[in-house]
Amino acid sequence: KPLFYLLRWVYQQIVPNWGWAILILTVFLTLAMFPTRFTMMKSSIKMQRIQPQMTYIKEKYKKYKFDDPRKQDMNKEMQELYKKEGVNMFGSCLPMLIQLPLIWAFYEMLENAIELRNAHWYWLHDLSAADPWHILPIVLVASQFLVQMFTPSPGVDAQQQKMMAFTMPLFSGFIAWHYASGLALYWAGSNLIGIGQQWFINQTKLGKEMREIQLKRAMKKKGARPVAVARR
C-alpha cells in the first residue's frame, strides 16, 4: 500500500500516465538506494584486505574436526577480526536485501491495484498483464547481464561470476516473461540506472581498487604475474 500511495501521488501530481509514473518512481527509488552500492563495495574491499588473516586463522584450526569444540575458538577469532577491521559480513548483500522486497512489493501492487488494470504505456495496453511483445523481459535480461559484468566481485570465483552473470538474468527474464509488464518496466528501468551508477563507481578510487584486486586474483589463479592497474 505505501508503494501504491507513492505511485498514485506521482501519477496525480507529476505525470498522468501509470507507465511513466512507474519509471519516475523507479528513478527515485534507485537513486535513494545508490549509497548501498558504495556500502557493498566498501564491505567487499575490507573483506579482501583481511583475506590473508582469515586464511591464517582457518589454517590454524584446519586439523580439527567440524564438531570439535576448538572450532568455536576459530569462529571467535574470526568475529574479533571482523570487529577490529570494521567488516560487516552482510554488507555486500545490502542492495539485494533492499531490492528483493521492492520487487515483491511491485508484483503484489500490480496484481491487486485496480487502477493499473488496462493502464497503457506505448505498446503495453495493460501494465498488470505480461508484455505481449516480450520487449521488456529481453531488455531486463540484457541490462541485468551488464550490471553483473560491470560490478567487480573480487571475492567471487571468476567461473562462478560468469555463471551468475548468465543464470540470474535468465531467471529474472523468465519471471518477467510471464508476469505483469509493470514489474518488468520497474525492474529493467532500475537495471539501466544501475548500469550508470556502477560505471560512475568504477571510475572512483574505490572502484579501481576493486578491479585491481579482481585482476590480481584472476591472474594468480592462472599462474600469471599480476599487472598493476594504474590509479588516478
* Structure fact -> So the helices (runs of 4 or more DSSP H) completely within segment 1-69 holding 2 or more residues that are over 30 Å from Y122 (Cα atoms) and open to solvent by 40 Å² or more (accessible area, probe 1.4 Å) are 34-49, 51-60
* Would you call A105 small (G, A, S), farther than 30 Å from E209 by Cβ and in a helix (DSSP H, G or I)? -> yes
* State yes or no: is L146 at pLDDT 90 or above and either in contact with a Phe, Trp or Tyr (Cβ under 8 Å, 6 or more places away or on another chain) or within 30 Å of Q51 (Cβ to Cβ) (or both)? => yes
* Asked: Counting just the residues of segment 191-226 that are open to solvent by less than 60 Å² (accessible area, probe 1.4 Å) and among the polar types (S, T, N, Q), which one comes out modelled with the lowest pLDDT?
  -> Q214
* Would you mind telling me which numbered condition in (1) in contact (Cβ under 8 Å) with a residue 60 or more places away in the chain; (2) over 22 Å from I213 (Cβ atoms) R37 fails? => (2)
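The values are calculated or read from the model by the stated rules, or taken from the named source; none is laboratory data. All values derive from a computational prediction rather than experimental measurement. A quick note on method: Cβ atoms are made from the backbone with ideal geometry, for glycine too, and the neighbour counts reach across all protein chains shown. Just so you know, the surface numbers come from the protein's heavy atoms only, side chains and all, with ligands and any DNA or RNA stripped out. Shrake-Rupley method; radii C 1.70, N 1.55, O 1.52, S 1.80 Å.
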